[in-house]
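Visitor: Pasting in a structure now, in structure tokens, and then I'll have a few things to ask.
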Amino acid sequence: MVTTKQADAVYIHIPFCKKICHYCAFNKYFYDGQPVGRYLDGLEQEMSLYSLKQDEALDTVYIGGGTPSCLSMQELDQLMQSVHRHMRLDKQTEFTFEINPGELSLEKCQLLYDYGVNRISMGVQTFNDNLLRRIGRNHRVRHVYQSIDWLRQSGFKALSIDLIFRLPGQTLEDFNESLKKALELQLPHYSLYSLIIEQQTLFQQLMREGKLPIPNEDTDADMFELAIKQLSEHQINQYEISNFAMKGYESRHNLKYWQYQPYFGFGAGAHGFVDGVRYYNHGPVHHYLKQTQQQSKPIINQLTLNQNDQMEEYIFLALRTNRGFSLQEFESKFYYSALELFGEFFNKQVAQELMIIERETVRLTNRGLFLADTVFRELIGWLNVVK
């Protein structure tokens with residue numbers, strides 16, 4: 001079994017939101033009435049159980065949620081102090097913070113920047129106020145522009161926004177308008193996601209009742225194709241199925257996931273991957289706090305991946321990126337030839353012009369990335385037959 005190196009990446013989960021979006025299935029809780037201060041104390045206690053202040057600084061730190069920007073100035077200050085007490089960061093560390101446009105202020109932006117945050121991921125979703133209301137967002141388009149202004153005033157350059165397409169009632173023309181407004185901001189990174197109806201969400205309930213008029217699959221594909229074309233015309237290239245960036249602005253932290261690198265996960269519902277083991281923290285805040293107050297790691301489950309699991313995960317994750325993976329690197333990690341194990345599947349995809357194998361690298365073509373869901377479904381089916 002492959003053994004991973006010491007993780008140099010950290011994910012921190014803040015599970016609180018001022019409003020729960022209708023499509024969101026992440027581990028999250030309403031901010032009001034929650035023991036936020038005690039949760040931040042628990043986070044620090046959890047961090048203290050790991051040896052993160054090594055000789056070398058961490059490569060990436062990512063604070064997500066939930067909505068981390070819903071924290072007050074005092075709570076943000078407490079969180080940032082905890083991070084710096086227990087982790088070694090330097091100017092090369094990519095330090096990402098997720099924000100909601102409706103919950104920022106110039107003071108919050110400056111506090112984050114002063115503590116070394118150097119990358120912002122903003123959940124915009126759409127530039128249509130009616131659609132924002134329909135999907136349960138608590139911000140409006142004007143907040144996006146104000147937030148971008150504050151962030152730039154504070155010194156931030158690495159800014160990213162998320163857009164969601166195939167929203168209820170959304171047309172291709174409307175999505176095109178959102179793309180146009182997003183590109184006018186001249187940001188170096190954009191993430192685009194097709195709406196997925198997740199379990200235990202309001203949208204799932206509405207769909208069951210026949211009250212969720214989402215665009216059909218053809219319109220969904222047209223929207224994605226339009227996004228790829230327009231972003232490419234602005235020199236913002238697709239480096240992963242849902243992520244697009246100017247050269248040098250790719251998310252190093254997210255690339256850790258897709259390149260099968262180890263990372264620590266802190267917080268309620270967070271998960272990590274270290275030494276071939278995936279671990280998952282307690283999701284409910286009170287369970288998480290009970291464990292941290294006892295100075296024990298709040299892990300509810302650990303899954304040790306066997307070599308077959310690791311090889312399959314490695315292939316799935318690597319093929320999400322435009323770089324794919326090196327046949328030589330695969331063999332050095334797992335001591336098997338990927339062509340011997342997966343050659344039949346690879347050859348089928350090459351014949352359909354969905355995959356290319358060249359210079360010892362296996363990757364999806366542009367068409368393959370566009371049809372990645374189909375490719376992955378076929379791969380799952382092929383693996384099930386082989387097993």
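Visitor: How large is the accessible surface per residue of the stretch 315-384, computed with a 1.4 Å probe and reported in Å² as a whole number?
Guide: 56 Å²
Visitor: Next question. Counting only heavy atoms of the protein chains, get the accessible area per residue of the stretch 63-152 (1.4 Å probe) and round it to a whole Å² value. Let's see the in-between values first.
Guide: Numbers: 3420 Å² over 90 residues.
That works out to 38 Å² per residue.
Visitor: What are the principal axis extents of the Cα atoms in the stretch 59-106, in Å, biggest first?
Guide: If we take the Cα atoms of the stretch 59-106, the spans are 30, 21, 18 Å.
Visitor: Once phi is turned into ³J(HN,Hα) by the Karplus curve 6.51 cos²θ - 1.76 cosθ + 1.60 with θ = phi - 60°, what whole-Hz value does each residue of the stretch 50-56 show in order, with x for glycine and proline?
Guide: Rounded to whole hertz, the list is 10, 8, 9, 8, 7, 4, 9.
Visitor: While we're looking at this one, here's another question. Can you give the local net charge around LYS28? Use residues other than it whose beta-carbon is closer than 11 angstrom to its beta-carbon, Lys and Arg +1, Asp and Glu -1.
Guide: Local net charge: +2.
Visitor: Pull the list of the chain cysteines that no other Cys approaches to under 4.7 Å, Cβ to Cβ.
Guide: For the chain, the answer is CYS17, CYS70, CYS109, because their Cβ atoms have no other cysteine Cβ under 4.7 Å.
Visitor: Report Rg(Cα)/(2.2 N^0.38 Å) for the stretch 140-244, keeping two decimals.
Guide: After normalising by residue count via 2.2 N^0.38 Å, the value is 1.18.
Visitor: Relative contact order of the chain: what whole-number percent is it, with Cα pairs under 8 angstrom and at least 6 residues apart?
Guide: 18 percent
Visitor: Along the charge dipole of the stretch 206-272, which of LEU206, GLY267, LEU255 sits closest to the positive end, that is, farthest toward it, with unit charges on the beta carbon of Lys, Arg, Asp and Glu (+1, +1, -1, -1)?
Guide: GLY267
Visitor: Out of GLY343, LEU289, PHE325, whose Cα points farthest toward the positive end of the dipole of the stretch 283-379 (charges: +1 Lys, Arg; -1 Asp, Glu; placed on Cβ)?
Guide: Of the listed residues, the answer is LEU289.
Visitor: Quick one: putting +1 on the C-beta of Lys and Arg, -1 on the C-beta of Asp and Glu, what dipole do you get for the stretch 178-247 around its Cα centre, in Debye to the nearest 20?
Guide: Using Cβ point charges on Lys, Arg, Asp and Glu, the stretch 178-247 gives about 260 debye.
Visitor: Just to be sure I understand: with springs between alpha-carbon atoms less than 10 Å apart, which residue in PHE342, PHE127, PHE97 has the highest mean-square fluctuation in the Gaussian network model of the chain?
Guide: Judging by the Gaussian network model, the answer is PHE342.
Visitor: Just from the alpha-carbon atoms, what are the Rg and Dmax of the stretch 82-220 in angstroms?
Guide: My reading of the Cα-based Rg and Dmax gives 17.1, 52 Å.
Visitor: Counting only Cα, what are the radius of gyration and maximum Cα-Cα distance Dmax of the chain, in Å?
Guide: Rg, Dmax (Cα atoms, Å): 21.1, 58.
Visitor: Treating the beta-carbon of each Lys and Arg as +1 and of each Asp and Glu as -1, no other charges, what is the dipole magnitude of the stretch 52-201 about its Cα centre, to the nearest 20 debye?
Guide: So the magnitude is around 240 debye.
Visitor: In debye, nearest 20: dipole of the chain around its Cα centre with unit charges on the Cβ of K, R (+) and D, E (-)?
Guide: Approximately 700 debye in magnitude.
Visitor: Quick one: in the stretch 187-292, what % of C-alpha pairs are over 16 Å apart? List each step's numbers first, then the result.
Guide: Details: 4029 of 5565 pairs.
Within the stretch 187-292, distances greater than 16 Å cover 72 percent of Cα pairs.
Visitor: I want to verify the translational diffusion coefficient of the stretch 6-68 in µm²/s; compute it with Stokes-Einstein, Rh as the Kirkwood radius over Cα pairs, at 4 °C and 1.567 mPa s.
Guide: Reported coefficient: 97 µm²/s.
Visitor: What part of the accessible area of the chain, given as a whole %, is carbon or sulfur when the probe is 1.4 angstrom?
Guide: Carbon and sulfur together cover 46 percent of it.
The values are calculated or read from the model by the stated rules, or taken from the named source; none is laboratory data. As the structure is a computational prediction, the values presented were derived from the model and not from experiment. Cβ coordinates were reconstructed from backbone atoms using ideal geometry, including for glycine residues, and neighbour counts include every protein chain displayed. Quick note on the areas: whole protein, heavy atoms, side chains included, nothing else; ligands and nucleic acids left out. Shrake-Rupley method; radii C 1.70, N 1.55, O 1.52, S 1.80 Å.
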